[in-house]
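Values in this text are rule-based calculations from the coordinates and carry no lab data. If you're wondering where the values come from, they're calculated on a predicted model, not measured in any experiment. In this analysis, Cβ positions are derived from the backbone assuming ideal geometry, glycine residues included, and neighbour counts consider all displayed protein chains.
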Amino acid sequence: MAIAEAVKLARPVVISAYPITPQTHIVEDLAKMVADGELNARYIPVESEFSAASAIYGASLTGVRAYTASSSQGLLLMTEVLYNAAGTRLPIVLTGANRTLSAPISILPDHQDTISLRDPGIVQLYCETAQEAHDTHIQAFRIAEDADVLLPTMVCVDGWMLTHTFEPVALCDQEMVDRYLPPYKPVHYANPEKPMTWGFYVDDDLLMEFRYEVHLAMRRALGVVEKAADEFAALFGRHHGGLIQTYRTEDAEVIILAMGSVVGTIKDAVDGLRSEGHKVGVVKVRCYRPFPAQAIYEAVWHAKVLAVLDKNISMGQEGALATDIKAAFYHRQPRPAVVGFVAGLAGREVSLASVERVYRRAQAVADGEEPPLDCLFLDLNQGYLDLKQATKGGEA
């Protein structure tokens, strides 16, 4: 509901929709707004998520503000179109309501779906609360449409944890949103009076140059994301972080990094550990792509250990955020040790006790223990572990 209200306030001209749990309520609410005359937009029910992405691709190409939402396998079905949208510099906005990928099938949340779309040139913003989700969608249109960016922007919200949990949300005022987000004025659009070509065939003499332009736009987006958050805070009085948000990190020896709704639990755990005298803090990585390496380093360089909690995994390696942190810090000094944890897959609860176990393992590294070479799977099912031990790793 909060997301749908934010999208309405942004005044999109075209909305495309295909239902998939847990994002369906967003586009259902928008459909009702259009049907009731609350929102003057063209609402297009389509036959697949591929078609949903294609519809807003075509709409954006004509120079209008366009929006859609999806989850899980639906986001993957959009992949081809989203690569095209980034490559042709179309500032569409979409919601990724995070849900795990098959197989086995599940409708519960983790970040595997949106993390799988980290490479096309899509700005990715991860939200901790429903209030942040509401506010960030308004910022997303501002970021995507900035002349220095002109790229798809995805707002990532944990399914069920945010999409189906009720909490108080302060809705933005239409007049103030109009001040913050003026009508979209496209830089390039399909116009028969000024013919242009998008997505044409190129050989090796131009493809790298196109990729380089998208990469530069993503790097420029770092500043645009910060500016969009700061100006939103100045107007509406709420700041959820720009690229990152820090919490009790100033003197922390161990800092936990994470994305999404789990950050709220980590903050509570940090408060508890602090009350016992432990020097621990948390960094919320709000903008994952483009990756805010410098902002993160400036927030954590003084720590002894970084514990990175990922709700995704690149099979055979580790969580994506942990990999990015290690790569970003490789040539920097001083350089904290990095310990990667994988947790919360398919909605597995990350409790206060879970966060405390993360801290204890990270503190052991701070005290001199060698950091693990492999990622650490947190809170594996004990029955499964007992069975693996009983069968000595063989077939059950």
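Restricting things to Cα coordinates, could you compute the convex hull volume per residue of region 323-396 in Å³?
It comes to 142 Å³ per residue, whole-number rounded.
For the chain, modelled as a Gaussian network with Cα springs under 10 Å, which listed residue fluctuates most, Glu356, Glu49, Glu175?
So, out of Glu356, Glu49, Glu175, the one fluctuating most is Glu175.
By the gyration tensor of its Cα atoms, with a ≥ b ≥ c the square roots of the eigenvalues, what is the shape of region 179-284: rounded for a/c under 1.5, prolate for a/b over b/c, or oblate?
Because a/c hits 1.5 or more and a/b exceeds b/c, region 179-284 counts as prolate.
If neighbour count is taken as other Cβ atoms inside 10 Å, put Ile244, Ile107, Ile56 in order from fewest to most.
Placing the least packed residue first, the sequence is Ile107, Ile244, Ile56.
Listed highest first by mean packing, meaning other Cβ atoms within 10 Å per residue, what order do 94-100, 15-21, 249-255, 160-166 come in?
My ranking of the peptides, most packed first, is 94-100, 15-21, 249-255, 160-166.
What is region 1-66 by shape, rounded, prolate or oblate, if you read a ≥ b ≥ c off the alpha carbon gyration tensor as root eigenvalues and call it rounded for a/c under 1.5, prolate for a/b larger than b/c, and oblate otherwise?
oblate
Give the order of Ile138, Ile105 when sorted by the count of other beta carbons within 10 angstrom, beginning with the fewest.
Neighbour counts put them in this order, fewest first: Ile105, Ile138.
Using only Cα atoms, locate the centre of region 75-91 and the centre of region 320-338, then give the distance between them in Å, rounded to an integer.
29
So, counting K/R as plus one and D/E as minus one, what does the shell of residues with Cβ under 14 Å around Arg348 add up to?
Computed value for this residue: -2.
Calculate the spin-label point distance for Asp36 paired with Val202, positioning each point 7 Å from the Cα along the beta-carbon direction, and give it in nanometres.
For the pair Val202/Asp36, the computed spacing is 4.6 nm.
Distance from the Cα centre of region 169-223 to that of region 131-148, in angstrom?
13
Treating the beta-carbon of each Lys and Arg as +1 and of each Asp and Glu as -1, no other charges, what is the dipole magnitude of region 345-396 about its Cα centre, to the nearest 20 debye?
120
Rank these for me by crowding, Arg118, Arg179, going from fewest to most other beta carbons within 10 Å.
In increasing order of surrounding Cβ atoms, one gets Arg179, Arg118.
If I build a Gaussian network model for the chain, linking alpha-carbon pairs within less than 10 angstrom, which residue out of Gln131, Gln333, Gln139 has the largest mean-square fluctuation?
Of Gln131, Gln333, Gln139, the Gaussian network model singles out Gln333 as fluctuating most.
For the chain, list the DSSP H helices whose alpha carbon atoms reach 27 Å or more along the long axis and whose average Kyte-Doolittle value is 0.0 or above?
Qualifying helices: 207-236.
Please list, by residue number, every one of the chymotrypsin sites (Phe, Trp or Tyr not before Pro) in region 294-359 that is coil in DSSP and has at most 10 other beta-carbon atoms within 10 Å.
Tyr330
Using the per-residue mean of other Cβ atoms lying within 10 Å as a proxy for protection, in what order, highest first, do the peptides 232-238, 367-373 fall?
The packing order, highest mean first, is 232-238, 367-373.
Would you mind telling me which residue in Lys32, Lys304, Lys326 has the biggest mean-square fluctuation in a Gaussian network model of the chain, where springs connect alpha carbons within a distance under 10 angstrom?
Per the Cα network of the chain with a 10 Å cutoff, Lys32 tops the list.
Kindly list the residues of region 300-315 that lie in the label zone of Lys326, defined by a backbone N under 17 Å from the point 7 Å along the Cα-to-C-beta vector.
305-315
Any idea what % of Cα-Cα pairs in region 93-235 are farther than 26 Å?
Counting pairs separated by more than 26 Å, the tail of P(r) holds 37 percent.
Is the C-alpha gyration tensor of region 265-321 telling us rounded, prolate or oblate? Criteria: a/c under 1.5 is rounded; beyond that, a/b larger than b/c is prolate, otherwise oblate.
Prolate, because a/c is 1.5 or more and a/b exceeds b/c.
Averaging sequence separations of C-alpha pairs under 8 Å and six or more residues apart, then dividing by the length of region 225-348, give the relative contact order as a whole percent.
That works out to 25 percent.
Among DSSP beta bridges lying fully in region 244-384, give the percent that are antiparallel, nearest 5.
Percent antiparallel among DSSP bridges in region 244-384 is about 20.
Counting DSSP beta bridges with both partners in the chain, what percentage is antiparallel, nearest 5?
Roughly 15 percent of the DSSP beta bridges within the chain come out antiparallel.
Hey, if you drop one equal point scatterer on each alpha-carbon of the chain and run the Debye formula without solvent, what base-10 log of I(q)/I(0) do you get at q = 0.06, 0.07, 0.13 Å⁻¹?
Rounded to two decimals, the profile gives -0.24, -0.33, -1.08.
Give the lysines reachable from Lys194 as a straight Cα distance under 27 Å; neighbours fewer than 8 places away on the same chain don't count.
Leaving aside lysines fewer than 8 places away in the same chain, those within reach of Lys194 are Lys185.
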